[in-house]
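Have a look at the structure below, then the notes.
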């Protein structure tokens, strides 16, 4: 440069210098453009490889452009993660609401998800260990693409019946399996009750209907008026028995299915008198006295009057049927704090110890022969049990074979009663056996 200036001074030299500077500037600008295009290409290529949103064309600093792209993409991914977490939470909540235990396995038979009901089986303690072993075996089959199920009877305690079902799962993350564990103990129990009920009711109706048919055929061929009259009375007796069975069945069905809706204040004293008046004709015919203890203290409960009357009447009817001629059946109301007690005591045949737990079952009879003679349906005590359950009470039984029985209804009182101020009325303890309800003091 110094050589050029030295040779040619003046305007020509200035033109040469300007040309050189311009050429350098053009070269620098071209290089800068190439560098920016390369940077944008790298940003575009990087965004594609990272799965980010593609940058828009335009000027600006390349770093700022890249940061904008990353910010938008991160914001979008964060939103997707929040939505996915909410979906997973809803799915887990739905699984936890299921009564069945649900476990999800990966292709290595490892648990990747489960609901709350499945936690007991994961711990695998006691009888649950048998369920866990069955799940492991069936999951292996499911991972091979085969659906399976198995029913397990566990003798407890408590005794349970469990069904284990497994199915294969196919997803983009690889094969897996789902196991569902369902406790069907209650379902089995209800099925057994239904089966027994159908068998019992078929027998209970078939026997008197068959007797009516046979007696009617005999009556058609009978010429003796006395015999015909006796056969007609037998037919009437069997027809009444069928009618009582049907009435008790309808009443039991209503008590079991319908929730008590007409609850009101019920005076227990009035209820006992009404129930005794209802049963007294049958008791007098059998030579049995019903003695109702009076009280100067009102005893009241909140309940369904019709149901409570049915319960007390059935207990009185049961006591009369299983009492000996000339004996007494006592009804004794007492108060015990927040409870009202109604005890019904008979001096009849009593209940064997082995039968006490079963007397409230439908159609269960301690003395089959005596029940046939008295026309019992075997449903009275079942009705009593359902009534006290509907009223959040209990019924207790005490009995000695050959001496008699005491059935005690325990019902919530409207208000707590001080037993020291309760007057039990005319009931005389000295006139009764040791099975009578004790006076509270």
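The values are calculated or read from the model by the stated rules, or taken from the named source; none is laboratory data. These numbers were taken from a predicted model, which means no experiment stands behind them. Quick reminder, even Gly has a Cβ in these numbers, built from the backbone with ideal geometry, and neighbours come from all protein chains shown.
Considering segment 261-296, and only residues there that are in contact with a helix residue (DSSP H, G or I) (Cβ under 7 Å, 6 or more places away or on another chain) and in a loop (DSSP other than H, G, I, E, B), the residue that is modelled with the lowest pLDDT turns out to be 295. Just one of the listed residues (147, 127, 173) is at pLDDT below 85 and touching a strand residue (DSSP E or B) at 6+ places or on another chain (Cβ under 7 Å), namely 127. Any chance segment 190-198 includes a residue that's touching a residue at least 40 places away in the same chain (Cβ under 8 Å), in the same structural domain as residue 105 (by TED's automatic domain parsing) and surrounded by 13 or more Cβ atoms within 10 Å (Cβ to Cβ)? The answer is no; no qualifying residue exists. Determine, yes or no, whether residue 340 is touching a helix residue (DSSP H, G or I) at 6+ places or on another chain (Cβ under 7 Å), assigned to a strand (DSSP E or B), touching a residue at least 60 places away in the same chain (Cβ under 8 Å) and within 15 Å of residue 395 (Cα to Cα). Yes, satisfied.
So that you can scan it fast, the table gives a plain yes or no per residue for (1) modelled with pLDDT of 70 or more; (2) out of contact with any helix residue (DSSP H, G or I) (no Cβ under 7 Å at 6 or more places or on another chain); (3) closer than 17 Å to residue 316 by Cα:
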residue: 354; (1), (2), (3): yes, yes, no
residue: 358; (1), (2), (3): yes, yes, no
residue: 361; (1), (2), (3): yes, no, no
residue: 374; (1), (2), (3): no, no, yes
residue: 419; (1), (2), (3): no, yes, no
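Count of segment 315-334 residues, restricted to those that are in a helix (DSSP H, G or I), touching a residue at least 60 places away in the same chain (Cβ under 8 Å) and in contact with a strand residue (DSSP E or B) (Cβ under 8 Å, 6 or more places away or on another chain), is 3.
Does any residue of segment 303-314 turn out to be surrounded by fewer than 19 Cβ atoms within 10 Å (Cβ to Cβ), touching a strand residue (DSSP E or B) at 6+ places or on another chain (Cβ under 6 Å) and not in a loop (DSSP other than H, G, I, E, B)? Scanning segment 303-314, I find at least one residue that is surrounded by fewer than 19 Cβ atoms within 10 Å (Cβ to Cβ), touching a strand residue (DSSP E or B) at 6+ places or on another chain (Cβ under 6 Å) and not in a loop (DSSP other than H, G, I, E, B), so the answer is yes.
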